[in-house]
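Each reported figure results from applying straightforward, stated rules to the coordinates on display, with no laboratory input. If you're wondering where the values come from, they're calculated on a predicted model, not measured in any experiment. As a convention, Cβ positions derive from the backbone with ideal geometry for all residues, glycine included, and neighbour counts pool all protein chains shown.
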Amino acid sequence: MKVYRYIIFRSLLSVIGVLLIISAIDFSFNFFSQIEDIGENYSYKDAFDFLIASQPYRIRESFYLCAVVGLLAVFIDQNFLRAFNALRQAGLSKIKFSVMVFMPIVILGLLSYEYVVPDLTRHAFDERKAKVSSESTQAPTMIEIEKLESGGYIIISEDLSLSFDSTGNVVIKNEYSDEFSNLNYNANLKYLTFSELWQNSYSSFENFNLKINTEILRRSVNFISYFVIFLIGLQMLLTFNKTLNINRILVYGFGSCLIYRFAESLVADSISVFNLPFLLQAFPLLMIPIYFLIKKRISV
């Protein structure tokens with residue numbers, strides 16, 4: 001049991017270390033970006049408070065990346081590697097170990113979408129906007145545009161809805177406005193909690209539903225890709241341990257995660273722009289057979 005506690009403690013400690021380093025770098029760059037807004041109403045203290053309050057939101061997007069890099073980097077420690085190999089000889093599988101150290105991170109990451117981070121982020125950005133922006137603090141008016149089967153279009157806002165056809169005839173209606181006003185139509189869906197997204201996932205507005213369902217699916221399954229990236233990296237580590245060093249591990253960890261993040265954003269944007277089925281955002285599930293295919297080629 002002591003060996004189990006040791007490898008779990010060292011693994012999570014390594015993840016926390018990488019998380020603190022990435023957070024410090026992110027905080028530094030964002031602090032310099034705030035300097036241009038420093039003025040009579042927005043002081044250095046205000047900028048510092050804003051960055052502290054919004055840091056959990058910004059680092060949340062890199063949470064799994066830090067987990068992959070941290071969990072792979074800890075294997076460079078020979079004491080940890082000997083303890084891990086001892087447990088493997090006692091029957092500990094690579095997947096069981098991966099689940100033990102990765103699942104707490106996944107649970108914490110998913111909970112961050114629902115608790116503390118969303119409210120903290122919105123409050124921080126609202127305060128900053130009130131101090132920095134000289135414009136009205138009134139919330140922007142959101143609209144939905146849908147194409148009708150008859151060939152015309154309907155434009156819906158919280159105040160009214162109007163339709164017009166190809167001949168230029170315009171009809172003002174109110175039938176959709178009440179339903180639209182009940183939607184949490186946030187311009188940045190990443191601010192919304194899981195429950196807020198779920199409440200709005202069955203509206204009558206197709207474009208809005210598409211974005212909502214895409215975001216729900218993105219949050220729910222994207223950790224699978226990071227988990228598989230870690231499994232592949234662990235397989236490589238145990239197979240080519242003598243030829244891998246910390247630099248190569250960092251290149252693989254950061255490189256693979258950044259490539260995946262680009263692919264994830266590309267798929268999400270393509271779904272929204274081209275009105276593709278939101279189920280395409282479940283593409284991380286394809287990483288599972290890819291892992292077992294790679295495992296057959298490089299096995300320990």
Sort Ile105, Ile246 so the one with the fewest other Cβ atoms within 10 Å of its own Cβ comes first. Ile246, Ile105
Cα lying deepest toward the dipole's positive end in the chain, options Ala86, Gly151, Ser28, charges on Cβ: Ala86
Among the chymotrypsin sites (Phe, Trp or Tyr not before Pro) in segment 211-300, which ones are in a DSSP loop with at most 12 other Cβ atoms within 10 Å of the Cβ? Mind listing them? Phe240
Find out how many positive minus negative residues lie around Lys94, taking Lys and Arg as positive, Asp and Glu as negative, among other residues whose Cβ is under 13 Å from that of Lys94. +3
Between helix 206-239 and the chain: long-axis angle, C-alpha atoms, 0 to 90°, nearest 10: 10 degrees
Between helix 287-297 and the chain, what is the angle of the helix's C-alpha long axis to the longest principal axis, kept within 0 to 90° and rounded to the nearest 10? 20 degrees
For Asp119 and Leu13, calculate 0.36 nm times their separation in residues minus their Cα-Cα distance, and state this gained length in nm to one decimal. 35.4 nm
With Cα atoms, 0 to 90° folded angle of helix 94-112 axis to the chain main axis: 30 degrees
Rounded to the nearest whole number, the Stokes-Einstein translational diffusion coefficient of the chain at 20 °C and 1.002 mPa s (Kirkwood radius, C-alpha pairs) in µm²/s is 96 µm²/s
Give me the distance in nm between label points sitting 7 Å out from Cα along the Cα-to-Cβ direction at Gln78 and Asn247, one decimal. 2.0 nm
Lysine pairs in the chain 8 or more apart or on different chains: how many have alpha carbons under 28 angstrom apart? 22
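Quick one: order Ser272, Ser62 by neighbouring beta-carbon count within 10 Å, fewest to most.
Lowest to highest Cβ neighbour count: Ser272, Ser62.
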Take the Cβ-Cβ distance between Leu162 and Phe31 as r, set R0 to 51 Å, and report the resulting FRET efficiency rounded to the nearest 0.05. 0.65
Mind putting a number on the dipole of the chain about its Cα centre? Charges go on the C-beta only, +1 for Lys and Arg and -1 for Asp and Glu, and I need it in Debye to the nearest 20. 2780 debye
Suppose only helical runs count, i.e. DSSP H with n ≥ 4. What mean residue ellipticity at 222 nm does that imply for the chain under -39500 (n - 2.57) per run, divided by all residues and rounded to the nearest 500 deg cm²/dmol? -21500 deg cm²/dmol
At the level of C-alpha centres, the distance separating segment 20-63 and segment 236-300, in angstrom, is 30 Å
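In segment 66-123, which chymotrypsin sites (Phe, Trp or Tyr not before Pro) are in a loop and have at most 12 other Cβ atoms within 10 Å, using DSSP for the loop call? Kindly include the intermediate steps, with their values, before the conclusion.
Working: sites: Phe75, Phe80, Phe84, Phe97, Phe102, Tyr113, Tyr115; in loops: Tyr113, Tyr115.
Filter output for segment 66-123: Tyr115.
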Per the 1/(1 + (r/R0)^6) rule, R0 = 30 Å and r from the Cβ atoms of Ser204 and Asp49, FRET efficiency to 0.05 is 0.15
